[in-house]
Amino acid sequence: MADDTLKKSLREKAMQLPLSPGVYIMHDSRGEIIYIGKAKALKNRVSQYFGSDRNHGEKVRKMVENVDHFEYIVTDSEFEALVLECSLIKQYMPKYNILLRDDKGYSYIKITNEPWPRILSALQKYDDNATYIGPYMSSFAVNQAVNSAQKIFLLPNCTRRFPQEIGKGRPCLNYFIKQCCAPCRGGITQEEYRKTVDDAVEFLKNGNAALQERFTREMEEAAEALNFEKAALLRDRIAALRKLTDTQKVVAKGDAAYDVIAHAQDHHSTCFMVFRYLDGRLSDQEYHITEDFMENEELFGEFMERFYAKRGDIPKKIYVDIEFDFEPLSRWLSSLCGHKVEILNPKRGEHVSLVQMCRENAAEQLRWGKGRTARELSNLEELSNLLKMDRPPEWIEMYDISNLSGSENVAGMIVYRDGRPFKSAYRTFKIKSFLGQDDYASMAEVLDRRFTEYENAQEEEGFGRLPDLILLDGGLGQVSAVQPVLERHGLSIPLFGVVKDGKHRTRAVTAAGGEISIRNSRGAFTLLAEMQEEVHRFAIGFHRKSRKKNTLALTLTEIEGIGEKRAQALLRHFKTLKAIRGASMEELRAVKGLSEAMCEKIYKHFRDPSQE
């Protein structure tokens, strides 16, 4: 945005838009289209861009900064808006929309033309006298098929050359774990090897059902002929084929063809992972990483639009990991492929675990180069979905109060950054505004002081930045006490309490609208339970330390002329009461603020036999 005046002008124009479905088109100062979006209510959606940017991600702000003017087209329904949006995006390819490049090449299964043939995957077909099976659209499926063939038929996947290296050197690990027939040892003839490769090629072309029948027949014939070695080999191949089939059945059951789509986010990008199932088998997978700058629902919907717009094989069912209004998108997909398409967010059954597995794989792709584990990203993603947040929280602060019957009233604040403890940002507080026990008032004081520090901070470290999420160790009472503090400071930050059960274990999340169960959100539960344990440990540790210091200070105030300030100064200097007791006059004189007479009093006090 050039300046605040232009932003104000655009907001005024946006507030005059109708509350009708439609498409909005953002232009930069050169008139180029930089973003196209759809809306259920144009006024509500477009005005969000030009209001407060507090809840906008970095990419939203960057896009809005480049907007010079916008135009809009009113439609009769949200479905018509979706169809128009897709058409316009395809025509103009705006830089801030999700644009998935179809850079997937064809893949082949290659059988080399040499005395000891190899079965390999290939991305290109060469004129090298090799035999190629394909082409296939999915490199994933090709790699899976080649790996299966190599394992079932014990074919080598090393770089050794045969027959040149037969009998030279020790066999590799695959031979010892029974995953290679090891031609390098000379234990298999060339004729037997080529017959094995032919069987593997038949498996790749025709599947394993017919091959199992043939192997069973040949095994029985070999056993009748007392050729037990061959029968045992065939028995092992049949077992491997059956194991492969059983594994595939475990992966997925039910529908003949369906897709699973899940996503993982951080504050800079979003990864969408797509698993494609056919006949109960994972037949393909692919992922796309894109810059995040939209609200979560809008981002997910646009990805699905772009992903399926360039495909003709849209399944009847698509399982996704978030909830939103599926109806317009479902209608549009159905119109593309000519059959009904259902978009489902599973709550129970095997598809829940498939969605979770897909989300973890998306998180795994994001974690590279970020120093974060896939589990941490997945837990944050699940927590943001549970709490209905626009994006996973990067900076989480959690607070707990600790006291003993109202004495030594203290609080601890812990910080989790990117799903892990960030201990340099931990802070402690001593309650100052009242005496006695009042957890609600204590929590309100602590948060008020924290955000006062934010308003006065000069740097963005520690108190100088706002959290993306605030968690309180407690229930609705703590949340109700702190919410007015946030409003008084003009802050809109998600605020929740974390509730424990009768056995002091994490049970639920609470907010003004009631409790949110975390029973079925394993990742969110794990993260919240870990944070609740950490903040309790930190707060109670500070409380014990404060109580111990005050006990020691009370011991020192028994000396005439020693008040609380001098007692604390002595403890800061010597660290322990034992060190003070054994200090010499020279060491006592080194304490700032102590007179000669006071040093002498302290020295004599600890050498009085009655003080032992």
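Of the numbered criteria (1) assigned to a strand (DSSP E or B); (2) among the hydroxyl-bearing types (Ser, Thr, Tyr); (3) at pLDDT 85 or above, the one Ser384 fails is (1).
Does at least one position in the range 155-165 carry a residue that is part of a helix (DSSP H, G or I), surrounded by 14 or more Cβ atoms within 10 Å (Cβ to Cβ), assigned by TED's automatic domain parsing to the domain that holds Pro117 and in contact with a Pro (Cβ under 8 Å, 6 or more places away or on another chain)? No, because not a single residue in the range 155-165 is part of a helix (DSSP H, G or I), surrounded by 14 or more Cβ atoms within 10 Å (Cβ to Cβ), assigned by TED's automatic domain parsing to the domain that holds Pro117 and in contact with a Pro (Cβ under 8 Å, 6 or more places away or on another chain). Phe153 satisfies every condition listed in (1) at pLDDT below 75; (2) under 24 Å from Ala239 (Cβ atoms); (3) of a type in the set (Phe, Trp, Tyr) except (1).
Checking each residue in the range 306-328 for being under 24 Å from Ala363 (Cβ atoms), in a helix (DSSP H, G or I) and in contact (Cβ under 8 Å) with a residue 40 or more places away in the chain picks out Arg306, Phe307.
Here Cys599 clears all of (1) modelled with pLDDT of 75 or more; (2) part of a helix (DSSP H, G or I); (3) surrounded by fewer than 18 Cβ atoms within 10 Å (Cβ to Cβ) except the condition numbered (3).
The residues of the range 465-498 that are exposed (fewer than 13 other Cβ atoms within 10 Å of the Cβ) and under 28 Å from the mean Cα position of the chain (by Cα) amount to a single one, Ser492.
For the range 516-523, the criterion of being out of contact with any Lys or Arg (no Cβ under 8 Å at 6 or more places or on another chain), assigned to a strand (DSSP E or B) and either at pLDDT below 90 or of a type in the set (Gly, Ala, Ser) (or both) is met by at least one residue. Take the residues of the range 248-267 that are at pLDDT 80 or above and small (Gly, Ala, Ser): which is surrounded by the fewest Cβ atoms within 10 Å (Cβ to Cβ)? Ranking the candidates gives Ala257 first.
Quick grid of which residues meet (1) assigned by TED's automatic domain parsing to the domain that holds Arg185; (2) touching a Ser or Thr at 6+ places or on another chain (Cβ under 9 Å); (3) at pLDDT 80 or above:
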residue	(1), (2), (3)
Arg101	no, no, no
Ser121	yes, yes, yes
Asp127	yes, no, no
Phe140	yes, yes, no
Ala145	yes, yes, no
Ser148	yes, no, no
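Of all the listed residues (Gln458, Gln437), the sole one being free of Cβ contacts under 8 Å to residues at least 12 places away in the same chain, more than 28 Å from the chain's Cα centre (by Cα) and surrounded by fewer than 20 Cβ atoms within 10 Å (Cβ to Cβ) is Gln458.
The values are calculated or read from the model by the stated rules, or taken from the named source; none is laboratory data. For clarity, every value in this text was computed on a predicted model and none was experimentally measured. A quick note on method: Cβ atoms are made from the backbone with ideal geometry, for glycine too, and the neighbour counts reach across all protein chains shown.
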